[in-house]
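Everything on this sheet refers to the single structure shown next.
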Amino acid sequence: MATPTAPPAPRARRARLRRPRGLRRLPHRVALVVGSALLACVALLAPPPGASAATQPGGQQIAVDGNGTGRTFAGVGAISGGGGTSRLLTDYPEPERSQLLDYMFKPGYGASLQILKVEIGSDTNSSNGAEQSHMRTATDVDCNRGYEWWLMEQAQKRNPDIQFYGLEWGAPGWFDGGFWSADNIRYLTSWLGCAKQHGLHIDYLGGWNEKGWDAAWYEQLKSTLQHDGYGSVKVVAADNAGWQVATDMKNDPAFDAATDVVGVHYPCTAVHCSSTPDALSLGKPLFASESGWNNYLTGADRLAAEMNHEYVDARITGFINWPVAYAWYPTVQMQGSGLLKANEPWSGAYQLGPTLWTVAQTAQFTHPGWQYIDSASGYLDGGGTYVTLRSPGAHPSYTTVFETTGASAPQTVSLTPSGGLPRGALHRWTTTLDSTDPADWFVHGADVPAAAGGAHTATLQPGTVTTLTTVSGGKGGAAAKAPASKPMPLPYREDFNGYREGASARYVSDMEGAFQVEPCQAGAQSAAGSRGRGKCLQQMISRQPIQWARVPSPLTLVGDATWGDYTVSVKARIGQGTTSTLMGRVAGQLNTVGAGRITAWEGYSLKLADSGSWSLEVLAPDRTTRVLASGTVPGVAADSWSRLQLTFVGARITARIDGAAVADVTDSTYAQGQVGLGTDTYGTATQFDDLTATAVPTAP
């Protein structure tokens, strides 16, 4: 790789980059990012040697020298992680599920992702849910839990060259020594072994998402990977905000030798993307290992700016968007983020947006291993940026991507290739970033011929991303029409008998803990004759994991956010010393920002303890919990079965236990929402069966 030059100072442009997601969640890290940006500015004032862009009467002239130097392009990717972000994608019917997978991973078709980063699950909440662990005890290994294996297999089926990247958010609670332990290294090598069983090669492996780093642990991880036959896996440090990790590497040769990639989260502020002199001096690839966090319909302008600015401003060569898809319930936070919307498997409805095609503008016309040409990458005089990449080999292709989010008027540019680059016409593709009309996304325009002097001249409209390339092909527009959106139908019934043991039930999305299908356990029958039969939904985690976000106890959600007047009922087996919970009208997720970051869900809860004590509660948007009614019912004991039921009609709420009404109250805090099942402690004795939700006519 050629020795990189320091990036130039940015030209004046409109501030379109919003505050990064990682900083919204973790405000105490703002100082790290701002400090890194200030340090970067000291080193980034001089333009790169050999820069040859200049403004001429005919427009900005850009010399594209095939012999020019630059860093090696690592790829464009996206994340399936941060807790259940792809959960509902797995339940889509065919052919819609295959269409969605094609749009994400099929080369030359949609986003054409080159990297897929996945969460290494740990049965604990990591923002938008909890993903399943492959190793719940020191002796338990199950390589088929969760859906990330399936997603990676589907991605590889479409693109055999796709790169995979694994990262932990939380970890199982059985580790001796906590997260930075030898047990965790064993956990990761076990996960790599599972990947091998699935025919998957992992290219990158990280540490602990946004929770700091331990240099000695990374050194031991690298040594173990080499010893255990995983020496080709590249170690990324440290998946945190800010570039302090690069300074630590510079000052610690052993830590430096143990890492292959410097990965930071959200390196862009409102006006600039940053790296630091220490990071640039290491000679390692620099990744925005989590970036983006853009709405699938309205975030394309920020995404386009980031993808270019991260190289032009900071020489970052790998861009990984969070998340790949908006495939979680709208009652869970960060709604709309992703490259497409896919959270209605019951209808098959999905929706694309300009963010997907913004990624395609780069990914369809490049490949990891290409080289940036620094002298043909920079700032547009009329506002915006451009980057140029060339393929390796004696007969290279090249691609230049322009973004004009900082422009207020059309501007003309001219590209003149030299140094062995092709001289023929350039193919042109353009996406209008703020348009919601699919006709404006990834439009194949007329080829741009070379003039007598060899220059290719094109006019760029403001608010667009335009690719000029020698690479042919590309796919624009939707290949198929998705079904119409509609609510999940009522009645909803689930007896859990149609699944294999260990499976996740359709549409059931875990927020904390792990709820999976298992044989119903024995237990005393309730007074109303309730008892689980056949297979049940069981909470499987007996020990609290090492948490990333603090969700107090296991919880899973199902149903439609628009359900209003309905009756929900479930049989519950109440473990010893525990309380089983049935929730209704679950309306949204609440977070306490700052240390601890406690997460809970707005809605109504009917709770029944093994002592027979019960309560009907509401968690309000101001985070206050009000007890609407409470009492005790006879005949309830540890490991016994009871039926819990909630009926909502307007503001009237009726609670029943084993068929007997225990509360009839009025509360108007929530008018609609999902269903939830939970328990107040970790333990494997809690089970649920015969979950039903039926519509109730709206009161006149």
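The values are calculated or read from the model by the stated rules, or taken from the named source; none is laboratory data. Everything quoted here is computed from the prediction, not taken from an experiment. When we count neighbours, we look across all protein chains shown, and the Cβ atoms used for this are built from the backbone with ideal geometry, even at glycine. Areas reflect the complete protein model, heavy atoms only, side chains present, ligands, DNA and RNA absent. Shrake-Rupley method; radii C 1.70, N 1.55, O 1.52, S 1.80 Å.
Could you tell me whether any residue of the range 458-476 is touching a residue at least 40 places away in the same chain (Cβ under 8 Å), in contact with a Cys (Cβ under 8 Å, 6 or more places away or on another chain) and of a type outside the set (D, E, K, R)? No, that holds for no residue.
With respect to the conditions (1) at pLDDT below 95; (2) crowded, with 19+ Cβ neighbours inside 10 Å; (3) among the basic types (K, R), R390 falls short on a single one, namely (1). Taken together, Q371, Q335 contain a single residue that is in contact with a strand residue (DSSP E or B) (Cβ under 9 Å, 6 or more places away or on another chain), without any contact (Cβ under 8 Å) to a residue 40 or more places away in the chain and open to solvent by 10 Å² or more (accessible area, probe 1.4 Å), which is Q335. In the range 195-208, of all residues being closer than 18 Å to D260 by Cβ and part of a loop (DSSP other than H, G, I, E, B), the one that is most open to solvent (accessible area, probe 1.4 Å) corresponds to H201. Just one of the listed residues (L221, L192) is outside any strand (DSSP E or B) and in contact with a Phe, Trp or Tyr (Cβ under 7 Å, 6 or more places away or on another chain), and it is L192.
Mind checking which residues of the range 584-596 are assigned to a strand (DSSP E or B) and either open to solvent by 10 Å² or more (accessible area, probe 1.4 Å) or without any contact (Cβ under 8 Å) to a residue 40 or more places away in the chain (or both)?
Listed by number, the residues that qualify are A587, Q589, L590, N591.
Among the listed residues A503, A484, A450, A446, identify the single one that is of a type in the set (A, V, I, L, M), out of contact with any helix residue (DSSP H, G or I) (no Cβ under 6 Å at 6 or more places or on another chain) and under 30 Å from P552 (Cβ atoms). Break it down into steps so the answer makes sense when it comes.
Values: A484 fails: under 30 Å from P552 (Cβ atoms); A450 fails: under 30 Å from P552 (Cβ atoms); A446 fails: under 30 Å from P552 (Cβ atoms).
Among A503, A484, A450, A446, only A503 is of a type in the set (A, V, I, L, M), out of contact with any helix residue (DSSP H, G or I) (no Cβ under 6 Å at 6 or more places or on another chain) and under 30 Å from P552 (Cβ atoms).
Per the listing A655, A671, A693, the residue uniquely in a strand (DSSP E or B), touching a strand residue (DSSP E or B) at 6+ places or on another chain (Cβ under 9 Å), over 19 Å from W614 (Cβ atoms) and among the hydrophobic types (A, V, I, L, M, F, W, C) is A693.
Pairing residues of the range 604-622 that are open to solvent by less than 20 Å² (accessible area, probe 1.4 Å) and part of a loop (DSSP other than H, G, I, E, B) with residues that are among the basic types (K, R) and at pLDDT 95 or above, at Cβ distances under 9 Å and at least 6 apart in sequence or on separate chains, gives A620/R626. Taken over the range 162-178, the criterion of being within 22 Å of the chain's Cα centre (by Cα) and hydrophobic (A, V, I, L, M, F, W, C) is satisfied by I162, F164, L167, W169, A171.
Counting only strands (runs of 3 or more DSSP E) that sit wholly inside the range 501-583, those with at least 2 residues that are on the phi < 0 side of the Ramachandran plot, in contact (Cβ under 8 Å) with a residue 12 or more places away in the chain and of a type in the set (S, T, N, Q) are 535-539, 566-574.
Among the residues of the range 496-516, those identified as within 16 Å of V570 (Cα to Cα) and in contact with a Gly (Cβ under 7 Å, 6 or more places away or on another chain) are N497, Q516. Taking the range 385-473 as the region of interest, the strands (runs of 3 or more DSSP E) fully inside it that hold 2 or more residues being in contact with a Phe, Trp or Tyr (Cβ under 9 Å, 6 or more places away or on another chain) and closer than 22 Å to A111 by Cβ are 385-390, 398-403, 426-432, 443-448, 464-469. P545 falls short on exactly one of the conditions (1) touching a Ser or Thr at 6+ places or on another chain (Cβ under 7 Å); (2) open to solvent by less than 50 Å² (accessible area, probe 1.4 Å); (3) farther than 30 Å from Y187 by Cα, and that condition is (3). Among the residues of the range 635-661, those that are surrounded by fewer than 18 Cβ atoms within 10 Å (Cβ to Cβ) and charged (D, E, K, R) comprise D639, R652. State yes or no: is D664 open to solvent by 70 Å² or more (accessible area, probe 1.4 Å), in a strand (DSSP E or B) and touching a residue at least 12 places away in the same chain (Cβ under 8 Å)? Yes, satisfied.
Determine which member of the set L421, L415, L460 is touching a Gly at 6+ places or on another chain (Cβ under 6 Å) and over 30 Å from G534 (Cβ atoms).
L421
The condition of being open to solvent by 10 Å² or more (accessible area, probe 1.4 Å) and closer than 27 Å to T90 by Cα holds for only one of L356, L352, that being L352. Give just the number: which of (1) out of contact with any helix residue (DSSP H, G or I) (no Cβ under 9 Å at 6 or more places or on another chain); (2) surrounded by fewer than 19 Cβ atoms within 10 Å (Cβ to Cβ); (3) of a type outside the set (V, I, T) does G178 not satisfy? Of (1) out of contact with any helix residue (DSSP H, G or I) (no Cβ under 9 Å at 6 or more places or on another chain); (2) surrounded by fewer than 19 Cβ atoms within 10 Å (Cβ to Cβ); (3) of a type outside the set (V, I, T), only one is false for G178: (1).
Listed here are the residues, each with its yes/no results for (1) under 32 Å from the mean Cα position of the chain (by Cα); (2) modelled with pLDDT under 50; (3) open to solvent by 10 Å² or more (accessible area, probe 1.4 Å).
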{"position": "A31", "(1), (2), (3)": "yes, yes, yes"}
{"position": "L38", "(1), (2), (3)": "yes, yes, yes"}
{"position": "P47", "(1), (2), (3)": "no, yes, yes"}
{"position": "G58", "(1), (2), (3)": "no, no, yes"}
{"position": "V76", "(1), (2), (3)": "yes, no, no"}
{"position": "S80", "(1), (2), (3)": "yes, no, no"}
{"position": "S86", "(1), (2), (3)": "yes, no, no"}
{"position": "E94", "(1), (2), (3)": "yes, no, yes"}
